[in-house]
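Only the coordinates and a few stated rules stand behind these numbers; no lab work does. Keep in mind that this is a model prediction, so the values were computed, not measured. Because the Cβ atoms are built from the backbone with ideal geometry, glycine has one as well, and the counts that use them run over all protein chains shown.
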Amino acid sequence: MLDPKKVEDIARQIGSIIPPQLKQFADELEGKVKQVLQAKLSELDFVSREEFDVQRQVLLRTREKVEAMEQQLAALLAEKTQDFSKNALPSSDQE
């Protein structure tokens with residue numbers, strides 16, 4: 001979720017572009033813009049940068065583990081295939 005101070009800053013910036021003679025209207029507008037921004041932004045599925053970075057690190061560690069397991073599986077399969085080849089085919093000496 002966005003920081004409420006950032007929402008307030010955005011609302012203030014929008015309100016500041018209103019001419020001075022409409023200052024009272026600008027103050028009301030700023031409040032309304034702030035309410036609308038907070039309502040609409042709360043509907044969005046945002047995560048904080050910190051949470052994003054944490055999840056990114058989790059994903060990287062998981063990817064490393066999957067790659068290591070794939071290598072282990074390939075080695076085991078190669079070993080089993082080699083054992084099967086040795087045991088399944090009779091040699092010419094055994095006949």
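Compute the angle between helix 49-88 and the longest alpha-carbon principal axis of the chain, please, reported from 0 to 90 degrees and rounded to the nearest 10.
Computed tilt is about 10 degrees.
Could you give the dipole magnitude of the chain about its Cα centre, charging the beta-carbon of Lys and Arg +1 and that of Asp and Glu -1, in debye to the nearest 20? Kindly include the intermediate steps, with their values, before the conclusion.
Values: 14 positive and 18 negative charges, 121 e Å.
Charge dipole of the chain: 580 debye, to the nearest 20.
Considering only lysines 8 or more places apart in sequence, or on different chains, count the pairs in the chain whose C-alpha atoms sit under 30 Å apart.
13
Which residue, Gly15, Ser48, Gln72, has the largest displacement toward the positive end of the dipole of the chain when charges sit on each Cβ (Lys, Arg +1; Asp, Glu -1)?
Of the options given, the answer is Gly15.
Roughly what % of Cα-Cα distances in the chain sit above 22 Å, to the whole percent?
64
Provide Rg over Rh for segment 1-46; use the alpha carbon set for both Rg and the Kirkwood Rh (inverse mean inverse pair distance). Provide the component values of the computation, followed by the final result.
Numbers: Rg = 11.4 Å, Rh = 10.9 Å.
Over the Cα atoms of segment 1-46, Rg/Rh equals 1.05.
Rounded to the nearest 500, what is the 222 nm mean residue ellipticity of the chain from helices alone, with -39500 (n - 2.57) per DSSP H run of 4+ residues and division by all residues?
On the way: 3 runs with 74 residues, N = 95.
My calculation for the chain gives -27500 deg cm²/dmol from helical runs alone.
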